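Below: one structure, written as structure tokens.
The values are calculated or read from the model by the stated rules, or taken from the named source; none is laboratory data. Note that the coordinates shown come from a computational prediction; the quantities given were computed from them, not determined experimentally. Ideal geometry is used to build each Cβ from the backbone, glycine not excepted, and the neighbour counts take in all protein chains shown. These area figures cover heavy atoms from the full protein model, side chains too; ligands, DNA and RNA do not enter into them. Shrake-Rupley method; radii C 1.70, N 1.55, O 1.52, S 1.80 Å.
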Amino acid sequence: AGKFYLHAPTETSQATLASVSPVFAVMKFDKEGNTTYFEKKKTELYQELGLQARDLRFQHVMSIETRNNRIIMRMEFLKAVITPEFLLILDYRNVSLEHWLLNELASQLAGEGQLVTYSLPFEFRAIEAILQYWISKLQERLNTLQPQILETLEALVDPKLLSVDRSKLHILLQNGKSLSELETDLKVFKETILEILDEEELIEELCLSKWTDPQVFEESTSGIDHAEEMELLLENYYRQAEDLLNEARELRVLIDDSESIIFINLDSHRNVMMRLNLQLTMGTFSVSLFGLIGVAFGMNLESSLEEDPRIFWLVTGIMFLGSGLIWRRLLSFLGRHLDPPLPPHVPGVLKKSQPAGRVEIKNSLKGETFGLNRSTLTNQ
């Protein structure tokens, strides 16, 4: 009875774990491009492939690994297991992924596509097809972002605009985030390939048929080095990722430069408005200063001046004339302190002596170059 109570929870837990183990929707491609679909539990799948449970633990990361003569490729949502005889795509239920699997991958593996590895074993075709698909997805993302960013920047970097459209700034912010995500994906893709290129043993392990088929191994030792072919294949897609990353960096630099131009334009318009405000303030001060005369004559006091009809026009003229003169003086003072200073005056003696000095320097350089060329030719 004691043994029964000891073993019963273990058997129940094992049954529970087996019942809740994940089920993979698998699409299988063979060398001829034939496609089959099936669902299988994770435990059954890794036992059939001779793998460990951790080998089929797919997170949304990017890696290329080899286990027990199997290549495990993780390209975020694209999860594949490659053997010398077939290719397995796990959890293929993705809109863009299904379109590629149904319309392109089968024909590529059967030799009807545009791959360059048809003369090599099956794993070369499978790896190239997956890398080509992924680099094309990155290229599509860049081609979608580039015209949107350029159009938005062209609308924002306009010196005639006195203000910035917030809707376009919001669009630019979203595109900037998408560009940052694209740069991160490209860097991860490059680092994944670079880790393999730095290790010769990893490149050798990717050549599955070289170790399973003796005839392939003999051909490789006689002149066809599959490791070199695999290295060239990975380097090709590494360069493509590098080119895409450079284009993305150019867009990032263009965004940063455009932001600087936008700030400069806004500062320029802000300075104009501040200067206009300052000029109006000076004008108000001038009118208020000479308006004191009108305040003095408007007091309830009597004098002999209001009896003369010409005094009104005289006082009014003095007020407007004095206000205009003071405003003019204030504007000239403002211009002297805000406008950039003039370049220093160059004496006439220096102006006349400079061309001669330049001619003498040019002639001496020509003479030295000519003498150097003659000596070089003589030595030769």
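Some notes on this structure:
- Residue in the stretch 15-31 that is at pLDDT below 80, closer than 27 Å to Ile196 by Cβ and outside the structural domain of Lys187 (by the TED database) present: no
- The one condition in (1) at pLDDT 80 or above; (2) closer than 30 Å to Val157 by Cα that Gly317 fails to fulfil: (2)
- Looking only at the stretch 24-51, residues that are touching a residue at least 12 places away in the same chain (Cβ under 8 Å) and surrounded by 12 or more Cβ atoms within 10 Å (Cβ to Cβ) come to 19 in all.
- Checking Val116 against (1) among the aliphatic types (A, V, I, L, M); (2) surrounded by 13 or more Cβ atoms within 10 Å (Cβ to Cβ); (3) not in a loop (DSSP other than H, G, I, E, B), the condition it does not meet: (3)
- Residues of the stretch 52-83 that turn out to be open to solvent by 10 Å² or more (accessible area, probe 1.4 Å) and assigned to a loop (DSSP other than H, G, I, E, B), as a count: 10
- Residue check, Ser107 modelled with pLDDT of 80 or more and not β-branched (Val, Ile, Thr): yes
- Filter result for Tyr92 (farther than 24 Å from Leu232 by Cβ, in a loop (DSSP other than H, G, I, E, B) and open to solvent by 10 Å² or more (accessible area, probe 1.4 Å)): yes
- Residue ID - surrounded by the most Cβ atoms within 10 Å (Cβ to Cβ), chosen from residues in the stretch 237-268 that are of a type outside the set (Val, Ile, Thr) and either touching a Pro at 6+ places or on another chain (Cβ under 9 Å) or outside the structural domain of Phe189 (by the TED database) (or both): Asn265
- Selection over the stretch 157-197 of residues that are over 17 Å from the mean Cα position of the chain (by Cα), open to solvent by 30 Å² or more (accessible area, probe 1.4 Å) and modelled with pLDDT of 90 or more gives a count of 3.
- Sole residue being outside the structural domain of Asp55 (by the TED database), closer than 27 Å to Leu182 by Cβ and touching a residue at least 24 places away in the same chain (Cβ under 8 Å), chosen from Leu101, Leu138, Leu120, Leu90: Leu138
- Residue in the stretch 122-136 that is open to solvent by 40 Å² or more (accessible area, probe 1.4 Å), modelled with pLDDT of 90 or more, at negative phi and part of a helix (DSSP H, G or I) present: yes
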